[in-house]
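Below you'll find the structure, written out as structure tokens, and then a few comments.
The values are calculated or read from the model by the stated rules, or taken from the named source; none is laboratory data. Remember, it's a predicted structure, so these values are computed and weren't measured experimentally. Here the Cβ positions follow ideal geometry from the backbone for every residue, glycine too, while neighbour counts run over all protein chains shown. Ligands, DNA and RNA are excluded from the accessible area calculation, which covers all protein heavy atoms including side chains. Shrake-Rupley method; radii C 1.70, N 1.55, O 1.52, S 1.80 Å.
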Amino acid sequence: MTMEVRARAPGKIILAGEHAVVHGSTAVAAAIDLYTYVSLRFPTPHDNEDALKLQLKDVDLEFSWPVGKLKAVLPELGIKSASSPSSCSLETSKAIASLVEELNLADAKLGLASGISAFLWLYTSIHGCANELYNVSNTYSKHEYAASNLVAIFFFVISDKPAKVAVTSELPLGSGLGSSAALCVALSAALLSLSDSSKLDFSHQGWQTFGESELDLVNKWAFEGEKMIHGRPSGIDNTVSTFGTEYDECLWNIVKFRSGELTHIKTNMPLKMLVTNTKVGRNTKALVAGVSERAARHGSAMTSVFKAVDSISNEVVGIIQSPVSDDLAITEEEEKLGELMEMNQGLLQCMGVSHSTIETVIKTTLKYKLATKLTGAGGGGCVLTLLPTRIGGRGMEISFSGFSS
């Protein structure tokens, strides 16, 4: 009998505050209904499998590591507690890097290396602690936590058991929509569901919900994975992916994030965004580091930039929380929001994270009097355009050459 765990976690958009949030400013973000999916399949004792396999279906790649080699190369395997997330030590980081180097990734796929490293760290750290034995027979359970859905089917766990992990995603990679965080959240959730840190009732039929403490644990492990990928992330991506929820056409579950603290923002204001992918790849870790280097060179000026972004984010929160009684009030608030988006984009240019393709999209949407800003790390990736309710009834066609929306 095949034993399997499946999990999914959503991507995100940042309405205001990217990069500045790393330096203590407020950011405003929302989960989106595009997901990364993780499937863990555990072989039966009769399958004679002895390897951990990672299948990246979207890029048609598969990697394999003998379990015995992982245990030999990673001496910390199995000595941690899944309930106590920890950062990857320098020794373990070097060991994981050597395992990834042995894969001999093609130059075009080198961008996957940090994600594979995060996968190995999370898998061996969390699954290596899962010494409890679960045996759920003739049971089908579907478990849901916040925006990330978990499905568990017939499984048991032993700490050194081989497995096949398959990853698929609706999120474009490296585009500013939080694909790496969604991977870390989904993987952490699936693995933690198998540990004694989870209190899920596997004999229960239907939906179950992780409690706050379990969600917090998922988020902390996902953040450790994000650090493996990005170096110095703010934590907003994994936090929104863990605690954010789906939205419908007009009601968004928007969150305010600052220094690790998340606040849910309720709004009845209709808010529609066009997401355009410039299809320009970029390195989030390098962009974040570049802003930090600029802040070190121009401390006073960059501090002022970060404070301005903080003010913009808080004003955005105030606008989307404002009660709106009629179309005229909505239009007035949308105009204010558009102005703040343009201000935020200007400050992102000051940080050095815009790109010629982003500016092209901005110029194109400006012809239609629409406000646009980058979302995420910048340097390419995706941009957001606010679509006012005034254009909802008659429609609009915007032509982008070489981009996807």
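Worth pointing out:
- Given their separation in residues at 0.36 nm each and the Cα-Cα distance between them, residue 368 and residue 311 gain 17.8 nm when the chain is fully extended.
- All lysines inside 16 Å of residue 285 as judged from Cα atoms, apart from same-chain residues fewer than 8 positions distant: 227
- Stretching residue 285 away from residue 59 to a fully extended chain increases their span by 79.2 nm, per 0.36 nm per residue minus the current alpha-carbon distance.
- Nearest-0.05 FRET efficiency for residue 300 and residue 81, computed from C-beta distance (R0 45 Å): 0.55
- Sorted largest first by accessible area at a 1.4 angstrom probe radius, with every protein chain in place, the residues 88, 382 fall in the order 88, 382.
- Residues residue 51 and residue 106, FRET efficiency given R0 of 30 Å [Cβ-Cβ distance, rounded to 0.05]: 0.90
- Peptides 266-272, 111-117, 232-238 ranked from most to least packed, by the mean per-residue count of other Cβ atoms within 10 Å: 232-238, 111-117, 266-272.
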